[in-house]
1. Tell me the residue from 42, 4 that is open to solvent by 50 Å² or more (accessible area, probe 1.4 Å) and among the hydroxyl-bearing types (Ser, Thr, Tyr), please.
2. Among the residues of the stretch 153-195 satisfying the criterion of being of a type in the set (Val, Ile, Thr) and under 20 Å from the mean Cα position of the chain (by Cα), which is surrounded by the fewest Cβ atoms within 10 Å (Cβ to Cβ)?
3. All but one of (1) hydrophobic (A, V, I, L, M, F, W, C); (2) modelled with pLDDT under 95; (3) open to solvent by 30 Å² or more (accessible area, probe 1.4 Å) hold for residue 117; state the number of the condition that does not hold.
4. For the structure I just gave you, tell me whether residue 33 is open to solvent by 40 Å² or more (accessible area, probe 1.4 Å), over 27 Å from residue 137 (Cα atoms), without any contact (Cβ under 8 Å) to a residue 24 or more places away in the chain and not basic (Lys, Arg).
5. Filter the stretch 45-77 for residues that are hydroxyl-bearing (Ser, Thr, Tyr) and either open to solvent by 50 Å² or more (accessible area, probe 1.4 Å) or within 15 Å of residue 11 (Cβ to Cβ) (or both) and give the result.
6. Look at residue 131 and say whether it is open to solvent by 50 Å² or more (accessible area, probe 1.4 Å), hydrophobic (A, V, I, L, M, F, W, C), assigned to a helix (DSSP H, G or I) and more than 25 Å from residue 191 (Cβ to Cβ).
7. Out of the residues in the stretch 13-29 that are free of Cβ contacts under 8 Å to residues at least 60 places away in the same chain and surrounded by 15 or more Cβ atoms within 10 Å (Cβ to Cβ), state the one that is farthest from residue 153 (Cα to Cα).
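The values are calculated or read from the model by the stated rules, or taken from the named source; none is laboratory data. Keep in mind that this is a model prediction, so the values were computed, not measured. All Cβ positions, even for glycine, are placed from backbone atoms using ideal geometry, and neighbour counts span all protein chains on display. Please note that ligands, DNA and RNA were not included when accessible areas were found on the heavy atoms of the full protein model with its side chains. Shrake-Rupley method; radii C 1.70, N 1.55, O 1.52, S 1.80 Å.
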Amino acid sequence: MQGYAMLLAGAIGFVGSHFAMSHPLRAPMVARLGDKGFQLAYAAVSLLTLFLMVEGFKRAPVTEAFWPAGDALWAISTLLMLVASILFAGSLIGNPALPVPEAAAKRIAVKDPAGVFRITRHPMMWGFALWGISHILVAPRIDTFILCGAIIVLALVGARLQDAKKFILMGDAWLHWQGKTSFVPFGRGLAFPGWIALIGGVALWLGAQWAHMPLGVGAAGVFRWW
């Protein structure tokens, strides 16, 4: 049970610290530590809690799966991972809402969404969420629920909180941007992610597939990722 305790503590700490330090604690911490000090503290807490999560996942016993992961679920999981990889790759290119709120507000007030931002205005967050969902589908165990559930909550709740934060910083410009984009992927219809995102995402997806091959299967008969 020590592994589960470590995993749960890491998951709660990882998600909770991100929410707290991104919102209510950010301003007082920046005032006390300065921008660089805050960034260092944020990184240190994130790395520590992530380490606890991963180490706890390694140590947690492999329990019986809640449902069998047949070929259909493996196919769905594989497809979700491909979409997640494309969204993540595209999110690294030309995010119109970063980094300076004032400059970003001017851009999004006159700019139409392009690339993966035509699919969702939170492509990176949805990339992480779909990663978590795809792994739960084929490894429905307690340890996977805790680890991947934490990532899913952080990504999707964090995306909603980011919408509220961006509105405070950018006002009507952000509302204008929200009106042209979707929170849920493909919520405004199908859209091409762009060649760079597509090629980069497929390369990332193929690399992940290759990296998983030598890891074998766990006692429950499903993939063990760590």
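1. Values: 4 fails: open to solvent by 50 Å² or more (accessible area, probe 1.4 Å).
Answer to the check: 42.
2. First, pick out the residues of the stretch 153-195 that are of a type in the set (Val, Ile, Thr): 153, 157, 168, 181, 184.
Those left that are additionally under 20 Å from the mean Cα position of the chain (by Cα): 153, 157, 181, 184.
Details: 153: 16, 157: 14, 181: 19, 184: 11.
The qualifying residue surrounded by the fewest Cβ atoms within 10 Å (Cβ to Cβ) is 184.
3. (3)
4. On the way: open to solvent by 40 Å² or more (accessible area, probe 1.4 Å): yes; over 27 Å from residue 137 (Cα atoms): yes; without any contact (Cβ under 8 Å) to a residue 24 or more places away in the chain: yes; not basic (Lys, Arg): yes.
In short, yes.
5. Start the filter on the stretch 45-77 by keeping residues that are hydroxyl-bearing (Ser, Thr, Tyr), which leaves 46, 49, 63, 77.
Answer for the stretch 45-77, where residues must be hydroxyl-bearing (Ser, Thr, Tyr) and either open to solvent by 50 Å² or more (accessible area, probe 1.4 Å) or within 15 Å of residue 11 (Cβ to Cβ) (or both): 46, 49.
6. Numbers: open to solvent by 50 Å² or more (accessible area, probe 1.4 Å): yes; hydrophobic (A, V, I, L, M, F, W, C): yes; assigned to a helix (DSSP H, G or I): yes; more than 25 Å from residue 191 (Cβ to Cβ): no.
In short, no.
7. Step one: of the stretch 13-29, the residues free of Cβ contacts under 8 Å to residues at least 60 places away in the same chain are 13, 16-17, 20-21, 24-29.
From what's left, surrounded by 15 or more Cβ atoms within 10 Å (Cβ to Cβ): 13, 17, 21, 25, 29.
Numbers: 13: 13, 17: 13, 21: 16, 25: 19, 29: 24 Å.
Once the filter is applied, the top-ranked residue is 29.
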